[in-house]
1. When region 85-125 is examined, which residues are found to be part of a helix (DSSP H, G or I), modelled with pLDDT of 95 or more and within 22 Å of residue 6 (Cα to Cα)?
2. Between a residue in region 110-127 that is over 26 Å from residue 80 (Cα atoms) and any residue that is at pLDDT below 95 and in a loop (DSSP other than H, G, I, E, B), which pairs come within a Cβ distance under 7 Å, given they are 6 or more apart or on different chains?
3. Do we find a residue being surrounded by 14 or more Cβ atoms within 10 Å (Cβ to Cβ), under 14 Å from residue 109 (Cα atoms) and among the β-branched types (Val, Ile, Thr) anywhere in region 18-38?
4. So which residues in region 93-107 are under 16 Å from residue 23 (Cβ atoms) and aromatic (Phe, Trp, Tyr)?
5. If I ask for residues that are touching a Phe, Trp or Tyr at 6+ places or on another chain (Cβ under 8 Å), closer than 17 Å to residue 102 by Cβ and surrounded by 12 or more Cβ atoms within 10 Å (Cβ to Cβ), which ones from region 39-66 would you list?
6. Test residue 110 against the stated conditions and say whether it is under 12 Å from residue 17 (Cα atoms), within 10 Å of the chain's Cα centre (by Cα), surrounded by fewer than 18 Cβ atoms within 10 Å (Cβ to Cβ) and among the aliphatic types (A, V, I, L, M).
Amino acid sequence: MFNRLSAYAPQALGVLRIVAGLLFLAHGTQKILGFPATEMQPPIASMFGAAGIIEIVTGILIILGLFTRPAALIASGTMAVAYWMVHAPMNGFPVNNGGDAAILFCFFFLYLVFAGPGAWSVDSRRA
């Protein structure tokens, strides 16, 4: 039974890519646009502001599946930096320092660098 599911791997990857991109985009819009509502409104010229811009731009590219591999590489690196600079100094355990999402984003985006965008991407239509 499970062997038949392998035929749908590109579609499953496409759905995962789109959902992760939407979540990543929401982190960026929260930092830069204040939506969804938050107390945090960092200056654009700060490290958090730069992260927000990267999250918005790469989030949109990943959702669309446009330049997926380079966008995912940048997003993965951004999350690695976010984890080690912001979360890890607070506590050694990701579940305690709030960095578990940063780790998941980092490794999922790193996977996209190698796997590509999956189904329903602009990249696959351009190829």
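The values are calculated or read from the model by the stated rules, or taken from the named source; none is laboratory data. Only a predicted model underlies this, so the values are computations on that prediction, with no experimental measurement involved. Ideal geometry is used to build each Cβ from the backbone, glycine not excepted, and the neighbour counts take in all protein chains shown.
1. 107, 108, 109, 110, 111, 112, 113, 114, 115, 123
2. none
3. Yes; the residues of region 18-38 include at least one that is surrounded by 14 or more Cβ atoms within 10 Å (Cβ to Cβ), under 14 Å from residue 109 (Cα atoms) and among the β-branched types (Val, Ile, Thr).
4. Result: 105, 107.
5. Initial filter on region 39-66 (touching a Phe, Trp or Tyr at 6+ places or on another chain (Cβ under 8 Å)): 40, 42, 55, 58-59, 61-62, 65.
Restricting the remaining residues to those that are closer than 17 Å to residue 102 by Cβ gives 40, 42, 55, 58-59, 62.
42, 55, 58, 59, 62 - these are the residues of region 39-66 that are touching a Phe, Trp or Tyr at 6+ places or on another chain (Cβ under 8 Å), closer than 17 Å to residue 102 by Cβ and surrounded by 12 or more Cβ atoms within 10 Å (Cβ to Cβ).
6. Numbers: under 12 Å from residue 17 (Cα atoms): yes; within 10 Å of the chain's Cα centre (by Cα): yes; surrounded by fewer than 18 Cβ atoms within 10 Å (Cβ to Cβ): yes; among the aliphatic types (A, V, I, L, M): yes.
So residue 110 passes the test.
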